[in-house]
1. Of the residues GLY104, GLY115, which single one is touching a Leu at 6+ places or on another chain (Cβ under 7 Å) and modelled with pLDDT under 95?
2. Kindly indicate whether LEU4 is among the hydrophobic types (A, V, I, L, M, F, W, C), open to solvent by less than 30 Å² (accessible area, probe 1.4 Å), touching a residue at least 12 places away in the same chain (Cβ under 8 Å) and closer than 15 Å to THR118 by Cβ.
3. Looking at segment 39-52, I want the residues that are at pLDDT below 95 and have a partner that is among the aromatic types (Phe, Trp, Tyr) with Cβ atoms under 9 Å, at least 6 apart or on another chain. Which pairs are those?
4. I'd like to check which strands (runs of 3 or more DSSP E) are fully inside segment 15-124 and have at least 3 residues that are open to solvent by less than 50 Å² (accessible area, probe 1.4 Å).
5. Filter segment 79-112 down to residues that are over 11 Å from the mean Cα position of the chain (by Cα) and under 12 Å from ALA33 (Cα atoms), then give me how many there are.
Amino acid sequence: QVQLVESGGGLVQAGGSLRLSCAASARTFNNFAMGWFRQAPGREREFVAAIFLNGISTYYADSVKGRFIISRDNAKNTVNLQMNSLKPEDTAGYYCAISLSNWGSRQTRDFGSWGQGTQVTVSS
C-alpha cells in the first residue's frame, strides 16, 4: 500500500505564500493522477487541485484558480501545492490523495490513500 505524508503547513498573514508537499512511500503513485483537498472545522472536505500523470494537465477549484499551482515530480515521488495570495478563507487542513478515476474527478469518493493532513492558517 502507498502511504502519503503532507508537510509545509503553517501560520501566515493574508497575502502570503506557503508551499505544501506530499511525499509518497512508493513509486506506485506515479501511475495515478494526484489531488489536493482541504477541510475546515465543521465543513465537508472539498476539492482544491489535481494533476494528471503527465505532470502538465491540471485543474482547480474556482476558489483557488490563479492563486494555487499544483505540480509533481515523479522521480522524487512528490506532489506539491504552491499557495500564493493566501486568504483567511483558505484556512483548513490540507490533504493529498491518489486519484482512482481516469476522467478528472473532483469528488472525494474518487480519491484514496489519504495522508494525515497539514494545517494551514491564514490570519487577516
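The values are calculated or read from the model by the stated rules, or taken from the named source; none is laboratory data. It should be emphasised that the depicted structure is a prediction, and the values quoted were computed from it without experimental measurement. In this analysis, Cβ positions are derived from the backbone assuming ideal geometry, glycine residues included, and neighbour counts consider all displayed protein chains. Heavy atoms of the whole protein, side chains included, go into the accessibility calculation; ligands, DNA and RNA do not. Shrake-Rupley method; radii C 1.70, N 1.55, O 1.52, S 1.80 Å.
1. On the way: GLY104 fails: touching a Leu at 6+ places or on another chain (Cβ under 7 Å).
Result: GLY115 is the single residue among GLY104, GLY115 that is touching a Leu at 6+ places or on another chain (Cβ under 7 Å) and modelled with pLDDT under 95.
2. Working: among the hydrophobic types (A, V, I, L, M, F, W, C): yes; open to solvent by less than 30 Å² (accessible area, probe 1.4 Å): yes; touching a residue at least 12 places away in the same chain (Cβ under 8 Å): yes; closer than 15 Å to THR118 by Cβ: yes.
So LEU4 fits the description; yes.
3. Hits for this filter: PHE52/TYR59.
4. Counting at least 3 such residues, we get 18-24, 34-39, 46-51, 68-73, 78-83, 92-99, 118-123.
5. Number satisfying all stated conditions: 11.
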